[in-house]
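Below: one structure, written as C-alpha cells.
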Amino acid sequence: MNDSESVWRRAYRHPGQWDQAFAPLSMVALFDAAAARAGKAPLIDFLGRQYSYAETLDGANRVAKGLKALGYGPGDRIGLFLPNVPHYAAAYYGILKLGATVVNFSPLYTPAELAHQVADSGTTLLFTLSASALLPTALRVLEESALDRLVVGSVAGALPATKSILYRLFNRKDVAKKPDDPRIIAFSQLIANDGAIDPPTIDAEQDVALIQYTGGTTGSPKGAMLTHQNLSANARQVNAIDPEPGMPDRILGVLPLFHVFANTCVLNRTVVAGGCIVMLPRFNAAQALAAISRTRATALPGVPTMYQALLDHPRIGKTDFSCLRVCISGGAPLPGELRTRFEQVTGAQLVEGYGLSESSGVVSANPYRGEGKIGTIGQPLPATRIRLVDKENPALPVRSDEPGEILIAGPQVMKGYWNRPDADGDVFVLDDDGTRWLRTGDVGQIDTDGFVRIVDRLKDMIAVGGFKVFPSQIEATLYAHPAVKEALVIGIPDSYRGEHPRAYVTLNDGAEVTGEALTAWLNPQLGKVEQVDRVVVRATMPKTMIGKLSRKDLVAEVLGH
C-alpha cells in the first residue's frame, strides 16, 4: 500500500467497511433473485404505465427464447439501439439470459458511427424502435453491414392506453414504416412464446456481459469488455454506500441507459435494491420536474448540465423536492457554485461521484450523508483501491498531497478492450503482488481527510512555455463569476510559447458582460502562465450525447482537429 492509499483508508467515511467482499455473481442470477423478491412490485413506470418485476422477467425470458429460436446463443454480440423505453430492460436482461453479450449503441449515432461500431463489435442483431429518429438509421446499417436482423419495437405499445391512442393519432410523423423484409422482426413477434428457457452456465468472472464503447483513457472509441461480475459487483458496491441499502427507491431514469453511468446507477443498482425506475425517453426539464411531482421520486442521478437545466426552468420554484433522498452527479466535474445553488433552491442533497466506462460506471462518491467535500469525487467504493502515481512512470508512487495520475483496482474494472490487446498494454499496470491497476488518464490529489480531487485530464493539460497548465483550475475560477453559466478552456497554438490558454463561456439568463470584461476580471486571479489571451462569450457550448460539456468538440470546432 502506498502513501496515497493509506490516507483514504484511515479516514473512510462511507457506511460499512471498505474491505467488503463481492462474491462472483452473474447478472442473470442478480436479476432473477431480485424478481423473486420483488414479484409484483413495479420495476418500471413509463409515463404512467407500470411494469412489475415479474412482467419484466417474463419479457426477458421471452426475448431469450425468441433469440434462441432464431439461432443466437452464448458469445453472440447483440446490440441495443434504443432510448429509455421498457423494451430496453427486457432486451438487456433477455440477451444476458441467452448467454450472449449486450452491445450498447447511442440512439443519437449517425449511420456511419453505428455501422463502424457494429462492424468493430461483430454485432449480428440489433434491437431498435419504429421511430423516425432511429429506424431509418438502423435500416441503412442493415443494408451496409454484417447485421443479420433487426428487432423493431413500438413506442405506442409501451404507453398507457389513452396515451397510446393519442400517440398513434397525433405523432404519425414520428413513426417510420417497418419494411416487409424477413430480416426485420417485430418485437411483439419475437416474444410471442412461453418464455420457457434454461439459461446456459455463466462464468461470472470471465464471460462478457456488456461491450461498452468509450473514448477510453486515450485514443479513438474502444469497446470496454465488462463481465457479469464487473457489472453485478458495481451495482452492489453502489448499493453498499447507501445509508439505507436495499431502500426501494423511485429513481428518476432520465440518464440514457446506453451510457454506463445509467446502466449501473439507474438500471442494475435499482434492481439490486428492488426499486422502481421512473423512466423518461430522454431528458426534458419540464417532464423531469413533472415526473418528480407525479411519482414523488426519491433519487435522481444526472450530469451537471441536467441540474443546471432544472434550475433554469421556470417551474423549479413550484416543484416540491422534499421526496428526494439524494441527487448524484457524475459524468463531468460538478462546479461548486452549481451544487450550492441547486441545494439552496431545492433543498435536495447533491453529491458528486466519479467513474469510467472501463470501471463499469462508478469508482468513488461523496458520502450521501454527513460530511462531503465540494469539488471532490469523494472516496472509493468498498473493495475499490485508488492510488496516485507519477504521470510519466506509473510504477513510481507519489505522495497523496502531490498531483499524480489516478490508478484504480477493484472488482468492477473491465476485463480489457474488445479486440485491442495493444490498448490493454497502455492502460493496465501490474503490481508486484499481481494486482492489475487501470490507468485512468486523470490527474488527482488526495487531501488529509482522504477525499480525492480531480485536477485534470492528462490529455487536456496545456503546455505553456514548458509549464503544465490545468484547464479545470481556470474554469473553476470562471465559475465564481456570477454571470458565467458554463466554461471551457482549451490550448491555442502559439509560435513562441507552444500553447496559450483561451476561455469560452456561456452566460446565465439576463447576464450582460463582455468577453473583454471577463478577461480583465479573470487574469489577475491567475498565475502568469495560466492567464488567458481572451475570454470568448458564446450562445451555446458543445455537449456530448449525455449532455456534458465537450472539450473535444470545442477543440475540433475552434482548431479544426
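Could you list all residues from segment 514-536 that are open to solvent by less than 60 Å² (accessible area, probe 1.4 Å) and in contact with a strand residue (DSSP E or B) (Cβ under 7 Å, 6 or more places away or on another chain)?
If the condition is that a residue be open to solvent by less than 60 Å² (accessible area, probe 1.4 Å) and in contact with a strand residue (DSSP E or B) (Cβ under 7 Å, 6 or more places away or on another chain), then 515, 518, 519, 522, 529, 530, 532, 535, 536 are the ones that fit.
Residues are listed down the side, and each one gets a yes or a no for (1) within 28 Å of the chain's Cα centre (by Cα); (2) over 25 Å from residue 306 (Cα atoms):
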{"residue": "431", "(1), (2)": "no, yes"}
{"residue": "445", "(1), (2)": "yes, yes"}
{"residue": "479", "(1), (2)": "yes, no"}
{"residue": "485", "(1), (2)": "yes, no"}
{"residue": "519", "(1), (2)": "no, yes"}
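Take segment 425-474 and flag every residue that is in contact with a strand residue (DSSP E or B) (Cβ under 8 Å, 6 or more places away or on another chain), free of Cβ contacts under 8 Å to residues at least 24 places away in the same chain and farther than 22 Å from residue 526 by Cα.
428, 430, 431
With the requirement that a residue be crowded, with 24+ Cβ neighbours inside 10 Å, under 13 Å from residue 438 (Cα atoms) and among the polar types (S, T, N, Q), what does segment 355-413 give you?
Of everything in segment 355-413, those that are crowded, with 24+ Cβ neighbours inside 10 Å, under 13 Å from residue 438 (Cα atoms) and among the polar types (S, T, N, Q) turn out to be 357, 359, 360, 412.
Of (1) at pLDDT below 95; (2) open to solvent by less than 60 Å² (accessible area, probe 1.4 Å), residue 139 satisfies all except one. Which?
With respect to (1) at pLDDT below 95; (2) open to solvent by less than 60 Å² (accessible area, probe 1.4 Å), residue 139 is out only on (1).
Residue 544 passes all but one of (1) hydroxyl-bearing (Ser, Thr, Tyr); (2) modelled with pLDDT under 90; (3) touching a helix residue (DSSP H, G or I) at 6+ places or on another chain (Cβ under 6 Å); which number fails?
Tallying (1) hydroxyl-bearing (Ser, Thr, Tyr); (2) modelled with pLDDT under 90; (3) touching a helix residue (DSSP H, G or I) at 6+ places or on another chain (Cβ under 6 Å), residue 544 fails exactly one: (3).
Could you please find all residues in segment 51-71 being in contact (Cβ under 8 Å) with a residue 40 or more places away in the chain and surrounded by fewer than 18 Cβ atoms within 10 Å (Cβ to Cβ)?
Of everything in segment 51-71, those that are in contact (Cβ under 8 Å) with a residue 40 or more places away in the chain and surrounded by fewer than 18 Cβ atoms within 10 Å (Cβ to Cβ) turn out to be 58, 69, 70.
What about residue 294, is it within 16 Å of residue 88 (Cα to Cα) and surrounded by fewer than 21 Cβ atoms within 10 Å (Cβ to Cβ)? Lay out the reasoning, then the answer.
Values: within 16 Å of residue 88 (Cα to Cα): no; surrounded by fewer than 21 Cβ atoms within 10 Å (Cβ to Cβ): yes.
No; evaluated as a whole, the condition is false for this residue.
What are the pairs, 6+ residues apart or on separate chains, where a residue within segment 13-30 that is over 15 Å from residue 384 (Cα atoms) has its Cβ under 8 Å from a residue that is modelled with pLDDT of 95 or more and of a type in the set (Phe, Trp, Tyr)?
Final answer for the pair search is 27/93; 28/93.
Looking at segment 1-82, what helices (runs of 4 or more DSSP H) fall wholly within it and have at least 2 residues that are within 24 Å of the chain's Cα centre (by Cα) and not basic (Lys, Arg)?
Qualifying helices (runs of 4 or more DSSP H): 27-38, 53-69.
Since residue 349 meets every condition but one in (1) touching a helix residue (DSSP H, G or I) at 6+ places or on another chain (Cβ under 9 Å); (2) buried (at least 22 other Cβ atoms within 10 Å of the Cβ); (3) among the polar types (S, T, N, Q), which condition does it not meet?
Only one criterion is unmet by residue 349, namely (2).
Here is a check on your reading of the model: is residue 532 of a type in the set (Val, Ile, Thr), in contact with a Pro (Cβ under 9 Å, 6 or more places away or on another chain) and under 24 Å from residue 375 (Cα atoms)?
Working: of a type in the set (Val, Ile, Thr): yes; in contact with a Pro (Cβ under 9 Å, 6 or more places away or on another chain): yes; under 24 Å from residue 375 (Cα atoms): yes.
Taking the combined requirement at face value, the residue satisfies it.
Could you list all residues from segment 76-121 that are of a type in the set (Phe, Trp, Tyr) and either in contact (Cβ under 8 Å) with a residue 60 or more places away in the chain or open to solvent by less than 20 Å² (accessible area, probe 1.4 Å) (or both)?
81, 88, 92, 93, 105
Looking only at segment 273-280, decide whether some residue is of a type in the set (Val, Ile, Thr), more than 21 Å from residue 28 (Cα to Cα) and touching a residue at least 60 places away in the same chain (Cβ under 8 Å).
Looking through segment 273-280, at least one residue is of a type in the set (Val, Ile, Thr), more than 21 Å from residue 28 (Cα to Cα) and touching a residue at least 60 places away in the same chain (Cβ under 8 Å).
Scan 77, 140 and give me the residue that is of a type in the set (Lys, Arg), in contact with a helix residue (DSSP H, G or I) (Cβ under 6 Å, 6 or more places away or on another chain) and over 28 Å from residue 29 (Cα atoms).
Values: 77 fails: over 28 Å from residue 29 (Cα atoms).
Exactly one residue qualifies, and that residue is 140.
Going by the structure shown, is residue 386 within 21 Å of residue 260 (Cα to Cα), in contact with a strand residue (DSSP E or B) (Cβ under 6 Å, 6 or more places away or on another chain), in contact (Cβ under 8 Å) with a residue 60 or more places away in the chain and of a type in the set (Val, Ile, Thr)?
Yes; evaluated as a whole, the condition is true for this residue.
The values are calculated or read from the model by the stated rules, or taken from the named source; none is laboratory data. As the structure is a prediction and not an experimental result, all values here were calculated from the model. Please note: Cβ atoms are built from the backbone with ideal geometry, for glycine as well, and neighbour counts cover all protein chains shown. Side chains included, ligands, DNA and RNA excluded: accessible areas come from the protein's heavy atoms. Shrake-Rupley method; radii C 1.70, N 1.55, O 1.52, S 1.80 Å.
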